[in-house]
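Here the structure comes first, spelled out in structure tokens, and everything after it is commentary.
The values are calculated or read from the model by the stated rules, or taken from the named source; none is laboratory data. Keep in mind that what you see is a predicted model, and the values were worked out from it rather than measured. Here Cβ is always computed from backbone atoms with ideal geometry, including for glycine, and neighbour counts include all displayed protein chains. Please note that ligands, DNA and RNA were not included when accessible areas were found on the heavy atoms of the full protein model with its side chains. Shrake-Rupley method; radii C 1.70, N 1.55, O 1.52, S 1.80 Å.
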Amino acid sequence: MVEDVCRSCGKPLPSRVGRKGRSSVYCSAACRQKAYRERKEPQAAATVQELIGDIGRQVRELVPQPPSVLYSGVTELTSSVGRLRRVARVARDAAKEQAPPQRSVTPTTVTETPRPRLTADEGDFAALVEPHRRELQVHCYRMTGSYDDSEDLVQETFLRAWRARGDFEGRSSVRSWLYRIATNTCLDFQRRTRRRPQKYEPLPGMNHGRAEPPARITWLQPYPDEDLPSREQEPDAAAVSRETMELVFLAAIQHLPPRQRAVLILRDVLDLPAADTAEILDMTVASVNSALQRARPTLRTHLPRHRTDWTPAAEPSERERAVLKRYMAAAEHVDVDEMAALLSEDVKLTMPPNPYWFVGRDTFLEFVTQSLDPASPMFLGDWRHLPARANGQLAAGGYVRRPGTTVYRAQVLDVLRIKGDEIVEITSFEPHLFPAFGLPLRL
């Protein structure tokens with residue numbers, strides 16, 4: 001039987017009489033942070049053998065107990081197994097590298113703090129860098145706007161780090177060193193792809209509304225909130241702040257030239273000093289400040305008028321959650337009047353990478369009713385939805401059961417931007433990323 005005491009300090013836990021939700025295993029936020037640091041510090045230098053031993057301990061501690069406590073234990077075990085799997089993947093890829101260590105992409109230092117050299121063992125190296133994966137992937141995602149590309153780029157970052165391990169002198173932290181490699185990996189990728197936002201163009205025979213066509217960013221993809229470290233899990237909250245993960249921000253920074261984008265992210269998002277940013281990008285401090293002065297006004301021209309200051313974004317309110325429920329119900333019950341009541345007059349719908357776009361409530365309803373009305377030749381079928389979270393915003397995973405079939409198949413992920421009681425923007429994405437959001441491909 002598990003005692004109702006804090007796992008960190010041993011004091012009795014507060015009574016849960018009359019309280020809902022999952023039970024806490026810590027008595028305060030301070031104890032939770034202390035436990036996090038105690039877990040993370042040894043993990044940073046843990047060997048693969050130690051990781052395996054820790055998983056074995058967690059397995060042995062799993063016994064029948066209250067559901068909330070059992071759930072917490074299983075969640076911790078799942079996280080540890082997932083980390084070991086990722087470590088093994090990095091070690092496997094590093095072992096494939098037969099060439100001798102190449103010249104480091106980080107020949108200069110960021111700080112003067114002495115630190116040990118990197119291990120030459122593939123497994124231990126992977127265990128050292130793996131804890132930084134999440135925030136590095138978020139960094140690569142901000143740089144590129146693509147979830148698929150961010151996964152590939154963070155893996156390439158680890159491979160470049162492995163090749164350059166012999167030149168790491170330990171004067172900077174491993175984290176700073178990895179950020180430098182990740183940033184340059186993204187800049188190399190952008191030089192190869194040469195992506196530039198375009199304007200949507202009118203399609204023959206389709207009513208798009210009277211507004212100017214919005215920007216078309218064909219590579220833009222959503223990012224699952226489940227993959228974002230929380231403020232409790234990652235004390236350096238600037239690295240994973242949700243307010244700079246919103247789609248309107250991600251779309252806006254894609255208009256910046258790659259080096260200006262990197263400067264803005266490092267300075268204004270990660271809050272790095274100008275000198276550190278200059279070290280990472282092999283620029284002078286003066287050129288960093290100049291790039292930032294050019295980037296900020298360009299960014300403002302591509303942001304909604306009410307979002308020019310990036311203050312911490314709050315969790316979705318009950319009011320916003322109610323809007324999401326009404327939106328899903330209206331689509332499932334083909335309630336066009338309810339749908340109209342939820343949309344702002346100038347609501348915008350885009351569907352990257354597809355060329356479809358619509359601005360205005362009437363234009364939007366004209367388009368969607370064709371796929372919802374069984375009498376229409378464009379009728380898709382019956383709809384069901386599951387709630388999701390993407391980029392710190394509420395989302396809905398839509399499934400369609402086509403006529404004559406019995407299975408609902410993943411069709412679209414709608415990410416909603418809600419203002420008050422109205423939906424002001426919907427960005428609809430293709431369904432191949434459903435598993436990343438914990439959504440099944442079929443119902």
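Tabulated data
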quantity: Some residue of the stretch 143-151 being free of Cβ contacts under 8 Å to residues at least 40 places away in the same chain, within 22 Å of the chain's Cα centre (by Cα) and open to solvent by 10 Å² or more (accessible area, probe 1.4 Å); calculated: yes
quantity: Any hit, the stretch 321-339, residues being closer than 19 Å to Pro224 by Cβ and under 22 Å from the mean Cα position of the chain (by Cα); calculated: yes
quantity: Selection count, the stretch 158-176, where residues are small (Gly, Ala, Ser), surrounded by 16 or more Cβ atoms within 10 Å (Cβ to Cβ) and not in a loop (DSSP other than H, G, I, E, B); calculated: 2
quantity: The lone exception for Gln370 - which of (1) assigned to a helix (DSSP H, G or I); (2) in contact (Cβ under 8 Å) with a residue 24 or more places away in the chain it fails; calculated: (2)
quantity: Flag for Ala396 being in the same structural domain as Leu342 (by the TED database), in contact (Cβ under 8 Å) with a residue 60 or more places away in the chain and either touching a Lys or Arg at 6+ places or on another chain (Cβ under 7 Å) or not in a loop (DSSP other than H, G, I, E, B) (or both); calculated: yes
quantity: Among residues of the stretch 361-408, those that are under 19 Å from Arg442 (Cβ atoms) and surrounded by 15 or more Cβ atoms within 10 Å (Cβ to Cβ), counted; calculated: 16
quantity: Residue within the stretch 421-429 that is outside the structural domain of Pro304 (by the TED database), within 19 Å of the chain's Cα centre (by Cα) and open to solvent by 50 Å² or more (accessible area, probe 1.4 Å) present; calculated: no
quantity: Of all residues making up the stretch 203-227, the number that are crowded, with 19+ Cβ neighbours inside 10 Å and of a type in the set (Ser, Thr, Tyr); calculated: 1
quantity: Listing of helices (runs of 4 or more DSSP H) fully contained in the stretch 252-301 that carry 1 or more residues being open to solvent by 60 Å² or more (accessible area, probe 1.4 Å) and among the β-branched types (Val, Ile, Thr); calculated: 285-301
quantity: Test: residue in the stretch 324-333 that is within 22 Å of Pro304 (Cβ to Cβ) and in contact with a helix residue (DSSP H, G or I) (Cβ under 9 Å, 6 or more places away or on another chain); calculated: yes
quantity: Residue list for the stretch 397-443, filter: of a type in the set (Gly, Ala, Ser), within 24 Å of Arg142 (Cβ to Cβ) and at pLDDT 95 or above; calculated: Gly397, Ser428
quantity: Within the stretch 185-202, tally of residues that are open to solvent by 30 Å² or more (accessible area, probe 1.4 Å) and part of a helix (DSSP H, G or I); calculated: 4
